[in-house]
Every structure is written in structure tokens, then in C-alpha cells.
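**Student:** Have a look at this one.
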Amino acid sequence: MKKGFLLTLLIAAGIMTSLSGCAEKTVPATSDETVTTEYISTTVPIPDGPVGIVASTDNNYSEDTTAMGVVPDTSAETTSETTVETAMEVTGKQGIETINGITYIDGVLIVNKTYSLPKDYNPGVDATAESAFKKMQSAAASEGLNIYISSGFRSYDYQSGLYERYAQRDGYAAADRYSARPGHSEHQTGLAFDLNSIDDSFAETKEGKWVAENCHKYGFIIRYPKGKEDITGYMYESWHIRYLGVDMATKVYESGKTLEEYFGITSEYDE
């Protein structure tokens, strides 16, 4: 009885040892097996979070779509099995990034005759820029001045029709001095506003002078200063302001330079 029991224990121990060996056994990969890494391209949304503005002289605004504001994080994300690559291209010039067809220099969205926007880029008015304008408008009003937005966000298609009408009226060469070709307008960014009368007389008004001296305090610059057409590509527009944020706008204002001069870039069409 004892011998039979002992024999049973020995047989059971042998089976367990055999099973344990199978569990720990490593099966090598065959020579024709390959390990693959999956690459997934992600679409990086470009920021601004706007509410579109259509302004009138009574300062009533209508809201449209939301859209963009800051440079998206373009660092690649990785896991043990998957690598996620963002849609980013860094150009040869240091500090310039092209993300989804949109150009940024040191985090500032750039559009002029050299740098364009995609046709389908349609953010609406930037919410931060809108809020900054309202603060500036309130400050001006406290001094008895009335400033308002006469032209805000414009889509690619809207700008295309506007530019073509000017070109048919005045000729393309003349239109290029004061109107942007589609895809090259700052208004398509949602960060630029035309104020009040949208003509040369604005510069001599109390409102025009106040804007020129104070708009940087609220994050704006006069985008096309007087006597800088050969640099910016456009005639002097005292009414056209561009939102950069208070810090950057103050730096550009105090430098006395245009945005092109400040960043060392051109504003010229290819043809």
C-alpha cells in the first residue's frame, strides 16, 4: 500500500515537472517571420476657438463658427506597439514651421504674399482676438471714442470674389497693392480686423490716432504701416489691425518694424 502510494506520488511529480518545463519553454521565431510597426498619421487641428464677427456701426455682432488659435503640439507620440506621427513639416529656415499647410514663425501664424493659407482653412474669427478687441473698444469708449469692426473674417472664396472685383475695376497690378489674392489674406486667419471707415481718412481721426498709439496694449499692431509698401507688399492701411497677443505686439510696436522686418521674411508673390 505504501509502495503503491509512493509510486503514485513519484509519477505525479514527474508529470508536474514535465508541464512546468512546457510552460517555461520559449519558442523561437522562424526565419521568415517579421515584426512590423504601424504608423498612423493624425490630423492636427489648428487652433483658434473663434466666434465669427460681422460688425456694423451699432456694434452688433453675429456669431458663426469656431476655429483656431495656437500652434498645435507637433511632438511625435509613441507607444510600445504604435508610433503616431503628426502632420508637420519643418522648412529650411530656422524658426519657421509649416503645419497642415499653415506657416508659423516662433509660434506666430504668418500670411502675406510669400506665405499662403490652404483653400479649406476656414476658422472664423479668433475668440481671443475678438475678446481683446472688445477690451480695446471699451477703453476707447471711456475716452469718448468709437471704434468698431467693419470687416473681420473672410473665407478663401469670399476673398477670391472680392479681389477679382477690384482687379476688374482697377486692373490686377493696382489691386495687388491694396487687396490680397485668395489664400494670402490675413482676414482668412480670423486674426485681422478692418476698423471704421476703411479708408485713408481714418488715420487723421481721433479714433485712428488712438488706435495707432494704443492697439499694441491689447495685442494688436497696425499691420501695414505708412512708407513700408515695398516691405509688406501693401499700401498704408491705418484701419487694418492684426492680433499677435500683448507680448508680441508690444515687441513689434517698440521695434518700429513691420512684421516682415521683425521676422526677417519677404512678402512677394511668385509671379
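**Student:** Through the Karplus equation 6.51 cos²θ - 1.76 cosθ + 1.60, θ set to phi - 60°, convert the phi angles of the range 207-219 into ³J(HN,Hα) values in whole Hz; use x for Gly and Pro.
**Tutor:** Each residue's phi maps through the Karplus curve to give 5, x, 5, 5, 4, 4, 8, 10, 4, 5, 5, 10, x Hz.
**Student:** Another question about this same structure. Can you compute the modelled spin-label distance between residue 120 and residue 177, with each label point 7 Å from Cα toward Cβ, in nm?
**Tutor:** Between residue 120 and residue 177, the simple spin-label model gives 3.8 nm.
**Student:** Based on Cβ point charges of +1 for Lys and Arg and -1 for Asp and Glu, what charge dipole magnitude is obtained for the range 96-245 about its Cα centre, in debye rounded to the nearest 20?
**Tutor:** That gives the range 96-245 a dipole magnitude of about 80 debye.
**Student:** Per 5 Å bin, what percent of the C-alpha pairs of the range 161-225 does each bin hold, from zero upward?
**Tutor:** Over the range 161-225, the share of Cα pairs per 5 Å bin runs 3, 14, 21, 21, 19, 12, 7, 1 percent.
**Student:** Which of 148, 269, 224 comes first, and how do the rest follow, when ranked by fewest Cβ neighbours within 10 Å? Please report the intermediate quantities before stating the final value.
**Tutor:** Values: 148 18, 269 12, 224 25.
Final ranking by Cβ density, sparse to dense: 269, 148, 224.
**Student:** Still on this model: So for the range 217-257, averaging the separation of alpha carbon pairs under 8 Å that are six or more residues apart and normalising by length, what relative contact order in percent results?
**Tutor:** Working: 60 pairs, mean separation 18.6, N = 41.
It rounds to 45 percent for the range 217-257.
**Student:** Another question, then. Quick one: putting +1 on the C-beta of Lys and Arg, -1 on the C-beta of Asp and Glu, what dipole do you get for the range 193-256 around its Cα centre, in Debye to the nearest 20? Spell out each step's value before the answer.
**Tutor:** Values: 8 positive and 11 negative charges, 48 e Å.
Computed charge dipole of the range 193-256: roughly 240 debye.
**Student:** Would you be so kind as to identify which of 218, 185, 197 lies farthest towards the positive end of the dipole of the range 157-271, taking Lys and Arg as +1 and Asp and Glu as -1 on Cβ and the Cα centre as origin?
**Tutor:** 218
**Student:** Once amide H atoms are built 1.01 Å from N in the peptide plane, which residues 5 or more positions from residue 237, or in another chain, come under 5 Å H to H?
**Tutor:** Residues meeting the amide H criterion: 224.
The numbers here are math on the coordinates, done by the rules we state, and not lab data. Everything numeric here is computed off the predicted structure, so don't read it as measured data. Please note: Cβ atoms are built from the backbone with ideal geometry, for glycine as well, and neighbour counts cover all protein chains shown.
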